[in-house]
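What follows is a single structure, written as structure tokens, with notes after it.
Nothing in this text is a laboratory measurement; each read-out follows from the coordinates by a stated rule. As the structure is a computational prediction, the values presented were derived from the model and not from experiment. Positions of Cβ are generated from backbone atoms using ideal geometry, with glycine treated the same way; all protein chains shown enter the neighbour counts.
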Amino acid sequence: MAAALAIWGASGSAQSPNAFGVPSADKPQPSAGIPAVQGSRAQGWLGQGRSEVLARHGIVATSDPLAAQAGLDILRQGGNAIDAAVATGAMLDVTSQNDTGIGGDLFALVWIAKDKKLYALNSGGWAPAGWTPEFFAKLPPQPDSGRGARGAPADGANLAAATGRGAARGVPGNGVNSATVPGAISGYDALLKRFGTMGFKETFERAARLAEDGWGLAERRHSDLRNATNGLKNDPDSAKTFLVNGETPALYSIIKNPNLATALRMIQAKGRDAFYKGDIATAIVKKVQDNGGVMTKEDLATFESEWTEPISTNYHGYDIAELPPPGQGMAALEMLNILEVCVPKMNMNLAKLGPSDPEYWHLLVEAKKLAYSDLHAKNGDPKFSKVPVKELLSKEYAATQCGKINPEQASKPAVTGGREGGTIYLTTADRWGNMVSLIHSVFGVYGSRATVGDYGFVLHNRGSAFSVDPRSPNVVAPHKRPFHTIIAGFVMKDGQPLMTFGNMGGSVQPETHAQHMVNLIDLGMNVQMTTDAARFTHNQNSNVLSLEQNLFNLVGAALKGKGHDVRSVTGGSVGGYQGILFTRDPRLPEPTFDRRAATDDLPVNGVYRAGSDHRKDGQAVGW
């Protein structure tokens, strides 16, 4: 008992020196040291952290409560799911520059109920016209410090393997020469102009006001900022924008970004041209060129988002859609194909094995290694490289991979690769049946850590995913888009929309997409349980298999016996999920209204069910 009391206070005091979780200099996150155990629910799976959120008029799920509420406000005002997605994303651009921002990229899958069609938007920015392997060969060597997920330094050898280059002479991991043209604002504009009912004026308003008024610094973002502080100090504009007197702001302190508010107000007034052709563009180019980069106003002014076609496969009767290359969604689909085709050939069944059986996890991990090997060997910008998506996503191709899985022995990946990063994922749905699955990122934690100071936003470091190896389909070239980690998912059944889903977190995304689909389809989990259940992540470079702690305790020893190099990790290693499921009520007719008519107050002909990851700060909200 005395030992327990010592935790709580000095001199035998029964009172914590951090009452109400107020941080102190010696305990910046005081809850971490409390020896409590987790409580349980009263119904369903007792390990589930919260109930699903159910709503009919509209619903939003993302990794920040303020952003989710911003999207919900738009839905209540009569906006549709597309308007709400932009408002949600804009709020994240303010509160979450550790993961995203207007200096990042954006991709989306959009279901339009009136058209009965799923659309795909690629708004990943392209390389400056001056980017070539020769340009980077002439740059002075730069260590790749602080590029890893959640602020952890990345390993130079792993980076070389991942990108086909040496860490010192390739595309830098940070600084202005890691930044391609930011695509996010163009993506917002494309969404609003094609499918929205509102413009930047309405959808950016709440975000702009928050940037002016300030918001509280929550736990996860405080942790990211602490880990990134030394890197941010290297750029005076970053230090001025994100730090206080050169140090990390205190947990729960009020953060403001008036310069970002200015940028958002300019975009409200002048649209995308303010960013790509106006004063913001001028500031971006100045920042880059003053620091040894070659981005020009022409690179920005000529950039456009691209509407493209989703890629998909059928898994046990459900059509799973992903974004096409240069994103890595094809790896999730190939992994599912391998599981569907190969597991029965081994006289096994994932549903019967279940997640308490080590063999279940072994099969998932081995399928992942095969899919990621193809991904890292063959992915690139399809405008520059031939990516054999159709072949890789065929069931026939999956069948050729079955012999590579040994049920008793872990394998070594044939092709290495993989990058960590920070991302946000958001999803929205409205009372007319429109649904949006959107992902938006500055890649590394605080991106390039080079900030456009006059306008308060960091440039992403997406260009660091390029290779300088001329044999690679991902070799850097002028106006080429790099290998992209960020992907958004969508599920259809018999031609009807069923679910939006995504899982932020760099290279973990395809493997977690597949895990969620197995959870939902094979095991029958609900849209909240799938994220509360433990997950794995496998490093394609080091061949280390990481299991969340409770999963490690359950199956770690058995997997080690099969030859896996197993580690126990926290939830920070497996990213963050959000999802919305639509369940139609067969008693109600299909809606027959115009998507731009905001006068019909009837809710959708069914109910939305949403889940949000407890590993992040967010929530699902609806009305």
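In this simple spin-label approximation, VAL37 and GLU298 carry label points 7 Å from Cα along the Cα→Cβ vector, and these lie 6.8 nm apart. Rg/Rh for the stretch 420-462 (Cα atoms only, Rh after Kirkwood) is 1.19. In a simple Cβ point-charge model (Lys, Arg +1; Asp, Glu -1; nothing else charged), the chain has a dipole of about 340 debye relative to its Cα centre. Looking at the chain, the pairs of alpha carbons with a distance over 41 Å make up 21% of the total. The base-10 log of I(q)/I(0) for the stretch 309-424, evaluated at q = 0.12, 0.16 Å⁻¹, reads -0.44, -0.77 [Debye formula, identical scatterers on Cα atoms, solvent excluded]. Short to long, the 5 Å bins of the Cα pair-distance histogram for the stretch 358-401 hold 5, 19, 24, 23, 15, 8, 4, 2, 0 percent of all pairs. When the alpha-carbon atoms of the stretch 460-504 are used, the pair Rg, Dmax equals 15.9, 44 angstrom. In terms of overall dimensions, the C-alpha atoms belonging to the stretch 161-293 reach 47, 38, 28 Å along their principal axes, ordered largest to smallest. What the Cα atoms of the stretch 246-360 give is an Rg and a Dmax of 24.2, 63 Å. Applying D = kT/(6 pi eta Rh) to the stretch 409-482, where Rh is the Kirkwood radius over alpha-carbon pairs, T corresponds to 37 °C and eta to 0.692 mPa s, the Stokes-Einstein value obtained is 209 µm²/s. Across the stretch 202-352, the relative contact order, built from alpha-carbon pairs under 8 Å that are at least six residues apart, equals 16 percent.
Remark: the stretch 76-135 projects, on average over all directions, an area of 6.6 nm² (convex hull of Cα atoms). Rounded to 0.05, the FRET efficiency of the ALA137 and LYS383 pair, given R0 = 25 Å and the Cβ-Cβ distance, is 0.55.
A simple charge model with +1 on the Cβ of Lys and Arg, -1 on the Cβ of Asp and Glu and nothing else charged puts the dipole of the stretch 234-344 at about 740 debye relative to its Cα centre.
Between LEU588 and SER568, residue separation times 0.36 nm minus the direct Cα-Cα distance comes to 2.4 nm. Shape summary: the stretch 397-542 maps onto an equivalent ellipsoid whose semi-axes, from the alpha-carbon gyration tensor, are 29, 25, 15 Å in decreasing order. At most 14 other C-beta atoms within 10 Å and a DSSP loop state: those are the exposed GluC sites (Glu not before Pro) I care about. Give me the longest piece of the chain that has none. Between exposed loop sites, the widest span is 1-303.
In this model, which of LYS27/LYS233; LYS233/LYS383; LYS345/LYS560 are farther than 28 Å apart at the alpha-carbon? Over 28 Å Cα-Cα: LYS233/LYS383. For the stretch 3-125, the convex hull spanned by the alpha carbon atoms encloses 196 Å³ per residue. Here the sum of -39500 (n - 2.57) over DSSP H runs of 4 or more residues, divided by the residues of the chain, equals -9500 deg cm²/dmol at 222 nm, to the nearest 500. Give me the base-10 log of I(q)/I(0) for the stretch 397-442 at each q in 0.21, 0.25 Å⁻¹, Debye formula, one uniform scatterer per Cα, rounded to two decimals. Once normalised to I(0) and log-transformed, intensities are -0.81, -0.94.
Counting 0.36 nm for each residue step from ALA129 to LYS493 and taking away their Cα separation leaves a gain of 126.8 nm.
With 0.36 nm allotted per residue and the present C-alpha distance subtracted, the ARG209-VAL544 stretch has 116.1 nm of extension available. The rule of thumb for compact globular proteins, 2.2 N^0.38 Å, goes into the C-alpha radius of gyration of the stretch 43-109 1.28 times. Look at the dipole of the stretch 1-141 built from charges on Cβ: of LEU46, PRO65, LEU139, the Cα furthest out on the positive end belongs to LEU46.
The ranking of MET435, MET504 from fewest to most other beta carbons within 10 Å of each one's beta carbon is MET435, MET504. Packing here is the average count of other Cβ atoms within 10 Å per residue, and on that basis the peptides 63-72, 271-280, 93-102, 494-503, highest first, run 93-102, 63-72, 494-503, 271-280. Among ALA610, VAL491, GLY453, which residue has its Cα furthest toward the positive end of the charge dipole of the chain, with +1 on Lys/Arg Cβ and -1 on Asp/Glu Cβ? After comparing all options, I get GLY453. Taking 7 Å steps out from each Cα toward its Cβ at ALA414 and LYS240 produces label points 5.3 nm apart.
Identify the residues of the stretch 327-356 with backbone N under 14 Å of a label point that sits 7 angstrom from the Cα of LEU523 along the Cα-to-Cβ direction, or state none. Flagged as within label range: 350-356. For the stretch 508-596, the pair-distance distribution built from all alpha carbon pairs, in bins 5 Å wide starting at 0, is 3, 12, 19, 19, 15, 10, 7, 5, 4, 4, 3, 1 percent.
Of the three principal axes defined by the Cα atoms of the stretch 469-623, the extents in descending order read 58, 48, 31 Å. Measuring from centroid to centroid over Cα atoms, what is the spacing of the stretch 522-548 and the stretch 560-583 in Å? Going from one Cα centre to the other spans 3 Å.
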